[in-house]
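S.K.: Attaching a single structure in structure tokens format; questions to follow.
The values are calculated or read from the model by the stated rules, or taken from the named source; none is laboratory data. Remember, it's a predicted structure, so these values are computed and weren't measured experimentally. So basically every Cβ, Gly included, is an ideal-geometry build from the backbone, and we count neighbours across all protein chains shown.
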Amino acid sequence: MEATNKYAFFLGCIAPNRYPGIESAAIKTSKKLGIELVPLKGASCCPAPGAFGSIDLNIWYAMAARNVVLAEQMKTDIALICNGCYKSIWEVNHKLKHNKDLREGVNEVLKEIDMEYKGTVNVYHLAELLYDPKICGVEKIRASVTNPLNGTRIAVHYGCHLLKPKKDRVWSAPGIGDTENPMWIEDMVAALGAEPVQYRNKMLCCGAGGGVRGYDIVHSLDITNEKMINLKAVKADALTEVCPFCQLQFDRGQIEIEEKFGVKYGLPVLHYNELLGLAQGMSPQELGLDLHGISCEPFLQKVL
Amino acid sequence: MAEKKKTTAKKTEAKKEIKHEAPAKQETKKQAPAPVGSTTKQEARIGVFICHCGTNIAGSMDIPAVQEYVKTIPNVAYVDNYKYMCSMPGQAVINKAITEQKLTGVVVAACSPRLHEPTFRTATKEGGLNPFRFEMANIREQNSWVHMHDQEGSTEKAKDAIRIAVAKAALLQDLYPKAVPVEHAAMVVGAGVAGMQAALDLANAGIKTYLIESDASIGGRMSQLDKTFPTLDCSQCILTPKMVDVGRAPNIELMTWSEVDAVEGYIGNFDVTIRKKARGVLSVAEAEAKGIVGGGCNGCGDCEVVCPVVKPNEFEVGMKPRKAIYINHPQVVPLLYTIDWNSCIKCGLCVTACGEKKAIELEQKDEFVKVKVGTAILATGFDIFPVENKTEWGYKRYENVITSLEFERLICASGPTGGHLVRPSDGETPKRVAFVLCAGSRDNTGNGKPYCSRFCCMYSLKHAHQIIEKIPGCVPYLFYMDIRSFGKMYEEFYYRIQDEGGKFIRGRVANILEDPVTKNLHVHADDTLLDRPVDLDVDLVVLAAAVQPKEDTNRTRKLFGVSCSMDGWLLEAHPKLNPCGTTTAGVFLAGVCQAPKDIPDTVASAEGAASAASIPIHMGEVELEPYFATCIEEKCAGCGMCVNLCPYSALALVEKEGRKVMQVTEAKCKGCGTCGGFCPGGAIWMNHFATPQIVAQIDAFLLGGEQ
């Protein structure tokens, strides 16, 4: 089993630098579910799809392709934990596989560093692998829970780059592709014993992506605030997502919203892998939850 | 005065003369056909007539050059051209040439035979030739129109087309259409407003009409509606008199809870097998036939009271309960209960409650009834597009997003709420209602219908009026692309709703989000008139869902041999000039099964279909095209391969002089040529499309006339 479910783990930037708990949780929880994540040595930034893609697509293609080639050299598919990384690495891999001209152009650049993109590996989001019954599946997640998150109400934020643009995405597991009202992460949340709650604007952007956070923080926070209003209305105990950048926007963003708009929400924001870690018995310290901007204490009191 | 009288007298005389002609025509019809396969060696003298069609043809090619060329084609005895060959003088040119030039065949180079073949056949006949000695060369649709800017090319192509037509014309034979008697009865499939109107018209014209309805009651979609636009009269009030008429008409044999199972035959003689689905309940007549005196269902409802099974009522779009033995609403015709076998537990309580009437039979089986009809009208109606497929609007996910049909039932006084419009989530009266028009219509995303459903704009305007009228202070918001108020008094109705306070927002609804706490809905759209995004908080959303062809359209198509257009609706014979006919003679279309129509258009099309369907019946006999296959018996080896190939079951093997030969039932044969093309011995002769004729056409093309 270990042999078939081994993936090159592409870390991205935000998880290791801002929320190291996500990284450790991903590795440890996956292992219990039969998925082995091995380091993708030498990986760079994905690079960020909004920031790089809006300025020079060729740089975006070439850098992402380089990351894919590293996995090709390991003869291992890539797993990652961030929607932004997914957009870059998955989409570039997909485009290069299907567009000969693009592939040749990218290979010309890669030649300078003695690399060649061949298109021999696939790219997966770890959440997708966890949900896919052929790899892991909801039942297996449920079976791995030792510390059920009973009595908590958890809202899910899917993020944009994971599911959209819908027409380009290809999913191995059924039920993932819906962009209007996906429910599969809710299924995985319910498997942890928590109650998934619905809120208006579930599919609205976190506010960070596409370079908005870097370019115009007030507008960016305005979008986040809109989501926070709706999350507060349904009395969620925590918000979960599968993207460290979304997590950053909701977590640090709440502090910034308080500074700029004077509204305080105090809603804990946890990556799904962090939730899974808690449910599998990992300690808050192991998960680095103390590094979150918004205290997870109110939530932890309910589950520990 | 005296002079006037004289003229009238002359007129009557003239009429008489025309009448005298009719039997003479029939006599020619009964002439014996020429022996099959024999080409009586008579020198072919073909007349070619080139039409300018104004500038339609003449503007794109060199007619004199074509005419000069045609003179050189073998067998051409005469060439002429005229501005409009189809005009009376044009036809006279043909007429005159046939006699003067002793022509044996006529070629007209003009438009598509679909337009004027009948015209020129008549002209050929009037000139004294058999009408099937005519061949058409299409130099307009397939030439001048598509090569409008290639004068030289189209001239050459016209020469080819005419040469090919002449080659066939030289080998054409006299053919005689076969007349078959028409059964003095008709069938109408579907008893919504279209089917009911068509059946009533046929019955009133003295034709026995079988009206087949798959549902338990007649009335169709219209009986589910509350009011009709733009007159605002109550739908049931104007429909039920018609339903009662249908139930009582002596010429209508109403068969509800029945489906067409098989159709055989051809125009004039359709043998139809009807499946009478087991209803579990006997009508008074059926009970009488079984010797149960004073028995049968009288609609008292005693059975319904005792039935322990509760199911959603489909007529009320599932918003009201019914029992396993039920009628959908009090005005059903016929007033007969029906058992829903999928939910009946056969407890027998209803049988006891029914008592001496003995109307209930829990072990009833489907029955098959055979009828013979001359013509049939399909009035099978439509389905509602499953608007939940448009996931962005949340139908079936959000409680307070409903469809227009649900709205009709909720606003209807006889509906589940007694006419009080309420929010399904909490039963509260909505104060802000959004209407999403084109919900699945005019949608090119691939997840909707590309066509306009044609009546949603108008009923949504009516809905807006109804909530303004019924709920003081309630505001309707209509999200629209265009308001299509095209009918009589429709535009005026649109103005009226604007004046009454309807809010119109031009923009397609991008998505609808539910507030999980209040169950209110946020409607997101782009207001394309004000060029700004809209986020509207409303209590209730009504989706004007598109209509789509019936789920079983394919089955209907196969049963009656009719086609579909690209959008899935049943295909009319001609979209403008034969909207009720189909490509199968004797089968007609009425109502929405052909394309979306509002009630006035549906009724008009039903009356059109009834009129068209009654013509062959009143004529008493119809002429079948003489394009049937014939067997050249001396060549037939009796292998029987053709028998199984025939899609119309028109062929059979018969014993003749000690050996087997194929025999054609001419009336069943559609002349498709499948057998003729296949026959290994060349023993099948396709009239008018015979092998020598087609080979001559191919040769004429390939050899460029140098034979």
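S.K.: Would a scan of segment B:241-257 turn up a residue that is hydroxyl-bearing (Ser, Thr, Tyr) and not in a loop (DSSP other than H, G, I, E, B)?
M.R.: No, that holds for no residue.
S.K.: Here's another thing I want to ask about it. Say whether the condition of being within 14 Å of another protein chain (Cβ to nearest Cβ), within 21 Å of B:Phe385 (Cα to Cα), among the polar types (S, T, N, Q) and surrounded by fewer than 15 Cβ atoms within 10 Å (Cβ to Cβ) is met by at least one residue in segment B:447-461.
M.R.: yes
S.K.: Output the residue which, of all residues in segment A:191-205 that are assigned to a loop (DSSP other than H, G, I, E, B) and of a type in the set (D, E, K, R), is nearest to the other protein chains (Cβ to nearest Cβ).
M.R.: Checked segment A:191-205; the qualifying residue nearest to the other protein chains (Cβ to nearest Cβ) is A:Arg200.
S.K.: Can you tell me which of (1) in contact with a helix residue (DSSP H, G or I) (Cβ under 6 Å, 6 or more places away or on another chain); (2) over 18 Å from B:His465 (Cα atoms) is the one B:Arg484 doesn't meet?
M.R.: Of everything listed in (1) in contact with a helix residue (DSSP H, G or I) (Cβ under 6 Å, 6 or more places away or on another chain); (2) over 18 Å from B:His465 (Cα atoms), B:Arg484 misses just condition (2).
S.K.: Find the residue count for segment B:391-408, including only residues that are touching a helix residue (DSSP H, G or I) at 6+ places or on another chain (Cβ under 8 Å) and more than 12 Å from chain A (Cβ to nearest Cβ).
M.R.: 7
S.K.: Separate question: Could you go through segment B:203-215 and let me know if any residue there is out of contact with any His (no Cβ under 6 Å at 6 or more places or on another chain), in a loop (DSSP other than H, G, I, E, B) and surrounded by 23 or more Cβ atoms within 10 Å (Cβ to Cβ).
M.R.: yes
S.K.: Are any residues in segment B:43-99 surrounded by fewer than 15 Cβ atoms within 10 Å (Cβ to Cβ) and part of a loop (DSSP other than H, G, I, E, B), and if so, which ones?
M.R.: The answer is B:Glu43, B:Gly54, B:Thr55, B:Gly59, B:Lys71, B:Thr72, B:Pro74, B:Lys83, B:Ser87.
S.K.: Would you say B:Pro472 is at pLDDT 95 or above and closer than 21 Å to B:Lys320 by Cα?
M.R.: Criteria not met by B:Pro472.
S.K.: Here is a further query. Identify all residues within segment B:428-446 that are surrounded by fewer than 16 Cβ atoms within 10 Å (Cβ to Cβ) and either in contact (Cβ under 8 Å) with a residue 60 or more places away in the chain or outside any loop (DSSP other than H, G, I, E, B) (or both); write none if there are none.
M.R.: If the condition is that a residue be surrounded by fewer than 16 Cβ atoms within 10 Å (Cβ to Cβ) and either in contact (Cβ under 8 Å) with a residue 60 or more places away in the chain or outside any loop (DSSP other than H, G, I, E, B) (or both), then B:Glu428, B:Lys431 are the ones that fit.
S.K.: Additional query: Being in contact with a strand residue (DSSP E or B) (Cβ under 9 Å, 6 or more places away or on another chain) and either modelled with pLDDT of 95 or more or assigned to a helix (DSSP H, G or I) (or both) narrows it down to one residue among B:Val180, B:Val146, B:Val107; which is it?
M.R.: B:Val107
S.K.: Just to check your reading of the model, which residue among A:Tyr158, A:Tyr199, A:Tyr131 is of a type in the set (Phe, Trp, Tyr), over 30 Å from A:Ala65 (Cβ atoms) and surrounded by 16 or more Cβ atoms within 10 Å (Cβ to Cβ)?
M.R.: A:Tyr199
S.K.: Only residues that are farther than 19 Å from A:Gly50 by Cβ, within 14 Å of chain B (Cβ to nearest Cβ) and under 22 Å from the mean Cα position of the chain (by Cα): list them for segment A:215-262, please.
M.R.: A:Glu226, A:Asn230, A:Leu231, A:Ala236
S.K.: Looking only at residues in segment A:212-236 that are touching a residue at least 60 places away in the same chain (Cβ under 8 Å) and surrounded by 15 or more Cβ atoms within 10 Å (Cβ to Cβ), which one is nearest to A:Thr152 (Cα to Cα)?
M.R.: Filtering segment A:212-236 for residues that are touching a residue at least 60 places away in the same chain (Cβ under 8 Å) and surrounded by 15 or more Cβ atoms within 10 Å (Cβ to Cβ), the one nearest to A:Thr152 (Cα to Cα) comes out as A:Ala236.
S.K.: Now, a different point. Just wondering, is there one or more residues in segment B:413-427 that are outside any loop (DSSP other than H, G, I, E, B), within 30 Å of B:Val189 (Cα to Cα) and either away from every other protein chain (no Cβ under 14 Å) or within 25 Å of the chain's Cα centre (by Cα) (or both)?
M.R.: So far as segment B:413-427 goes, no, none of its residues is outside any loop (DSSP other than H, G, I, E, B), within 30 Å of B:Val189 (Cα to Cα) and either away from every other protein chain (no Cβ under 14 Å) or within 25 Å of the chain's Cα centre (by Cα) (or both).
S.K.: Restricting to segment A:239-283, name every residue that is in contact (Cβ under 8 Å) with a residue 60 or more places away in the chain and in a loop (DSSP other than H, G, I, E, B).
M.R.: A:Val242, A:Cys243, A:Gln280, A:Gly281, A:Met282
S.K.: Where in segment B:588-707 are there helices (runs of 4 or more DSSP H), lying fully within it, with 1 or more residues that are touching a strand residue (DSSP E or B) at 6+ places or on another chain (Cβ under 9 Å), buried (at least 22 other Cβ atoms within 10 Å of the Cβ) and free of Cβ contacts under 8 Å to residues at least 60 places away in the same chain?
M.R.: B:641-645, B:674-678
S.K.: Right, something else. Taking the options A:Asp178, A:Asp187, name whichever one is assigned to a helix (DSSP H, G or I), under 18 Å from the mean Cα position of the chain (by Cα) and over 24 Å from A:Gly266 (Cα atoms).
M.R.: A:Asp187
S.K.: Output the residues belonging to segment B:544-560 that are touching a Phe, Trp or Tyr at 6+ places or on another chain (Cβ under 6 Å) and closer than 15 Å to B:Ala434 by Cβ.
M.R.: B:Ala545
S.K.: Find the residue count for segment A:168-182, including only residues that are surrounded by fewer than 16 Cβ atoms within 10 Å (Cβ to Cβ) and either within 14 Å of chain B (Cβ to nearest Cβ) or under 20 Å from B:Glu514 (Cβ atoms) (or both).
M.R.: Count: 3.
S.K.: If we only count helices (runs of 4 or more DSSP H) wholly inside segment A:1-82, which ones have 2 or more residues that are within 17 Å of the chain's Cα centre (by Cα)?
M.R.: A:14-18, A:20-32, A:49-53
S.K.: Still on this structure, I have one more. I'd like to verify a number: residues in segment B:225-256 that are within 24 Å of the chain's Cα centre (by Cα), buried (at least 21 other Cβ atoms within 10 Å of the Cβ) and not aliphatic (A, V, I, L, M), how many?
M.R.: 1
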